[in-house]
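K.L.:
Could you have a look at this structure, given as structure tokens, before my questions?
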Amino acid sequence: SIPVQSPAASAGATKKKMNGYVGFSNYPNQEHRRSVKRGFNFTLMVVGESGLGKSTLVNTLFESKVYPTKDSDDGAAGHTGTSSGEAGSRAVEITSVSADILENGVKLRLSVVDTPGFGDSINNEDSWRPVLENIESRFDAYLAQENRVNRSKIVDNRVNALLYFIKPTGHALRAIDIEFMKHLHTRVNLIPVIAKADTLTPREVELFKARILADINYHGIHTFKPVSDQYDDPETVADNKTIAAKIPFAVIGSEKLVRRADGQMVRGRQYPWGVIEVENEAHNDFVSLRQMLLRTHMEELRDETDVSLYESYRTQKLLALGHVQDNSVFREFNPRMQQEEEERLHAAKMSKLEAEMSAVFRQKVQEKEGKLKQSEEELYSRHQQMKSVLEKQRRDLDEKRTRLAQPDVVHTHSSAHPEHAQRMPSKDKKKR
Ligand code: GDP
């Protein structure tokens, strides 16, 4: 089995203070003020065979001697990457170098994780495994801290981006490249780069890129790309498109300044026929890579790591542990979330109850009002009925009294008007 040096145990981690403009101080515009004050972490992993220019590129990116290059005089100290042993049986090691870089008052804690020995064995079938294990162990370390009740001092060593160095063969991806990317693309923001692009002609670079992209698509490999959303301004959208079109970035690195034809000193590589400039977009894609990695998409890389890659790892991990993926899992793992969730549920329950109660109250009042109104109407009509009956009775009585008081007249009257006399009883009958 291949020994893996854990990130925490990497005794080779060195701390350096550096200055110089790189571009990440633009980051506060993307990040919250809080993390600006505290500084922020960014962990970059570089993977590729020895000699592909990984250390050189890292130093070129940060314009600092973050990483000691193998052939430089002052760089060897602190570098634990070169493992002992013959090339044929070399193990993949994981080493880490940290550097605090200060720029415009913004502190960046940069960690560069190297994987010396990757692809250097005779049998490279499982070269990807120690790298994947290292990335996952960093997720595990984060998960363990997240589950603690006191979460104020979480150390985030998760890998935010992985630069995968492709050998400039000019042909196609090799089996080792495909295997690596297939196993890693769901765990890390994969950024493929064509190493030492100055060893290929521009035409070769163009064809090589097309072949690489075809292979990546064919194998369903997901690589990190700047994407724009509807809120981005047209300029940003255009910039993102330009950068995305350059993936895989064909890069060159150099720690040396060389003299250009016009006499100016530039970072680049000297050839008998001229100078290849690192920071010339016509010569290679270094500028676009730096732009994406450090100036425009650092926050997105960190977000993607946290929200998407880590979240899916955690979910799978919990499922593997036999937990069911639902809210209770998260509550169980997170006391603060549990409490918030309970408070939220309680508040929702109370307001629902209140709404129900007032609805019931309104309904009852309405019913009562309706009933009162109805009985009032009933009473009134009964009253009216009574009144008319009584009036009628009074009229009848009055009539009777008048009749009795004057019997003769009534009699005569009644015989004189037989019609009238007959009508009275008939009316009475009707009433009865
Ligand atoms: P690492 O083993 O991948 O870290 O490679 P290094 O950064 O130590 O570089 C190995 C050798 O390649 C050194 O001699 C560098 O000067 C050289 N080198 C680095 N980058 C480039 C590049 O972009 N183009 C060319 N032609 N050589 C490079």
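No value in this document is a laboratory result; all are computed from the given coordinates. If you're wondering where the values come from, they're calculated on a predicted model, not measured in any experiment. Cβ atoms come from the backbone with ideal geometry, glycine included; neighbour counts cover every protein chain shown.
K.L.:
Using 7 Å Cα-to-Cβ label points, what is the Y380/N217 separation (nm, one decimal)?
P.N.:
Result: 8.4 nm between the two label points.
K.L.:
Ranked highest first by average number of other Cβ atoms within 10 Å, how do 216-226, 50-60, 378-388 line up? Could the numbers behind the result be given before it?
P.N.:
Working: 216-226: 15.4, 50-60: 22.5, 378-388: 10.0.
Ranking the peptides 216-226, 50-60, 378-388 by packing returns 50-60, 216-226, 378-388.
K.L.:
Let me ask something else about it. Once the Cβ-Cβ distance between R129 and Q363 is put in as r, and R0 is 60 Å, what FRET efficiency do you end up with, to the nearest 0.05? Don't skip to the answer; put the middle values down first.
P.N.:
On the way: r = 69 Å, r/R0 = 1.14.
The computed FRET efficiency comes out at 0.30.
K.L.:
Between V155 and T236, what length comes free when the chain is fully extended (0.36 nm per residue of separation minus the Cα-Cα distance, one decimal in nm)? Intermediate results must be reported in sequence, preceding the final value.
P.N.:
Values: separation 81, 0.36 × 81 = 29.16 nm, distance 3.22 nm.
Going from the current span to full extension adds 25.9 nm.
K.L.:
What do the square roots of 5 times the Cα gyration tensor eigenvalues come to for region 234-280, in whole Å, largest first, as semi-axes of the equivalent ellipsoid? Don't skip to the answer; put the middle values down first.
P.N.:
Working: eigenvalues 159, 30, 15 Å².
That gives 28, 12, 9 Å for the three semi-axes.
K.L.:
Then there is this: Between H346 and S228, what length comes free when the chain is fully extended (0.36 nm per residue of separation minus the Cα-Cα distance, one decimal in nm)? Walk me through the numbers on the way to the answer.
P.N.:
Numbers: separation 118, 0.36 × 118 = 42.48 nm, distance 3.97 nm.
38.5 nm is the gain from fully extending H346 to S228.
K.L.:
Could I ask something else about it? Want the number for D303 to A282: 0.36 nm per residue separation, take away the alpha-carbon distance, what's left?
P.N.:
Details: separation 21, 0.36 × 21 = 7.56 nm, distance 3.12 nm.
Using 0.36 nm per residue and subtracting the Cα-Cα distance, I get 4.4 nm.
K.L.:
Enumerate the aspartates and glutamates that K352 could reach by cross-link, defined here as Cα to Cα under 16 Å, with residues fewer than 8 away along the same chain left out.
P.N.:
Once the sequence-local aspartates and glutamates are set aside, what remains near K352 is E342, E343.
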